[in-house]
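The values are calculated or read from the model by the stated rules, or taken from the named source; none is laboratory data. The structure presented is a predicted model; accordingly, all values stated were derived computationally and were not measured. Methodologically, a virtual Cβ is constructed for each residue, glycine included, from the backbone with ideal geometry; neighbour enumeration extends over all protein chains shown.
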Amino acid sequence: MQVSRLFAALLLTSAAQAFAAEPVYLVVDHSTNLLMNQASAQALWDSKGSIKFYKFFPAKKWGFATAVEGGFDADKNCIVTAQTEMLPRAGKVLTLKPAKTATAFGVQHNSTLEQCKAFAQSKLGDSMEAVRTALLHD
């Protein structure tokens, strides 16, 4: 009887940990409003999380600064530069001591505004993935 109670308690504890919410990183976005906003950058980062990354780089100690710059040239080409920096946290703010930085850039010809926004989001995703990959392979 005693063993079954201990087993039940252990099972409940492990089930609660399995369904616990993943940690949320602080993401500060400094993008051109035409292409990206804070909510989109945060959602993009949250969608790409991995348990392995959270384990090695806890959300309580690390955060990210992102920036997407660009727009259209005279020929309606969408030109985008996206940067992601991993920064240490000091409470609710980030300190400017980058642990890793990655930049992605590109040009998409004959773009509409919606296509340019999607392209900017893709490039920011590329820079986020580059930071993650570099940190996990170091």
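Tabulated results
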read-out	value
Subset of region 77-88 [within 15 Å of the chain's Cα centre (by Cα) and surrounded by 16 or more Cβ atoms within 10 Å (Cβ to Cβ)]	Ala82, Gln83, Thr84, Glu85, Met86, Leu87
Meets criteria (in contact (Cβ under 8 Å) with a residue 60 or more places away in the chain and not in a helix (DSSP H, G or I)) for Arg89	yes
Number of positions in region 38-70 that are over 21 Å from Ala99 (Cα atoms) and over 13 Å from the mean Cα position of the chain (by Cα)	2
Some residue of region 118-130 being of a type in the set (S, T, N, Q) and in a strand (DSSP E or B)	no
Enumeration of residues in region 114-133 that are in contact (Cβ under 8 Å) with a residue 24 or more places away in the chain and not small (Gly, Ala, Ser)	Gln115, Cys116, Lys117, Phe119, Gln121, Lys123, Leu124, Asp126, Met128, Glu129, Val131, Arg132
Those residues of region 1-46 which are assigned to a helix (DSSP H, G or I), modelled with pLDDT of 60 or more and of a type in the set (A, V, I, L, M, F, W, C), in sequence order	Ala39, Ala41, Ala43, Leu44, Trp45
Enumeration of residues in region 99-138 that are surrounded by 15 or more Cβ atoms within 10 Å (Cβ to Cβ), farther than 18 Å from Glu69 by Cα and of a type outside the set (A, V, I, L, M)	Lys100, Arg132
Number of the exception - Gly63 against (1) in contact with a Lys or Arg (Cβ under 6 Å, 6 or more places away or on another chain); (2) at positive phi	(2)
